[in-house]
Amino acid sequence: MQHTNIDTTTSTRIAQAQKLASVLTTAGRTVALAGVIIPLFMIGILKFTAVEVEVLKPLISGTPWLAWLYPVFGEAGASYLLGVVEVITAILLIASPWSARAAVVGGALASGIFITTVSIMFALPIWEGASGGFPWLDALGSFLIKDIAMLGVSLAVLAEGLTTLLSKGRQQ
């Protein structure tokens, strides 16, 4: 009889642990997604200000694969374009838990945004010389390094959206 009681207690604890793990997974995904959506939206709307147009100048003009934006769109136009893309991406990511298509498009756009911002670290100096250089990040490096985590979340959203779309395609 005691053996059954231990099995029941163990089963109950396992069920509780599984429920907790499920809640933590949902909370973790929600927080991670919010950690991408909020900065994308806030920095996206900031792109429509004169301050951000000025802040972007050394980043865009100093990065060879982005410098083309200025001759094509102008300084303000390039900033506005980036802002529109960032705000649209944030909106798609908001919809991603309910729409696999939004997840795919939003995840792909966000991945592109963060691949681009992470790539800036290869074009511009990001090491704090006064502290001895590598591995000490300067202000730009400190600002950009977080985008590696945001890229990871974006890729996960994209992958989950693709998985959902593919599984729906197989069911039809």
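Brief remarks follow.
- Extreme residue, surrounded by the most Cβ atoms within 10 Å (Cβ to Cβ), among residues of the range 116-151 that are within 19 Å of the chain's Cα centre (by Cα) and either charged (D, E, K, R) or not in a helix (DSSP H, G or I) (or both): Asp147
- Residue list for the range 41-68, filter: in a loop (DSSP other than H, G, I, E, B) and of a type in the set (Ser, Thr, Tyr): Thr49, Thr63
- Boolean, Ser154 is touching a Lys or Arg at 6+ places or on another chain (Cβ under 6 Å), surrounded by 14 or more Cβ atoms within 10 Å (Cβ to Cβ) and hydroxyl-bearing (Ser, Thr, Tyr): no
- Within the range 84-142, considering residues that are modelled with pLDDT under 95 and acidic (Asp, Glu), the one nearest to Val53 (Cα to Cα): Asp138
- Just one residue in the set Ile6, Ile38 is part of a helix (DSSP H, G or I) and under 20 Å from the mean Cα position of the chain (by Cα); that residue is Ile38.
The values are calculated or read from the model by the stated rules, or taken from the named source; none is laboratory data. Please read all numbers here as calculations on a predicted model, not as lab measurements. For neighbour counting, all protein chains shown are included, and Cβ atoms are generated from backbone atoms with ideal geometry for every residue, glycine included.
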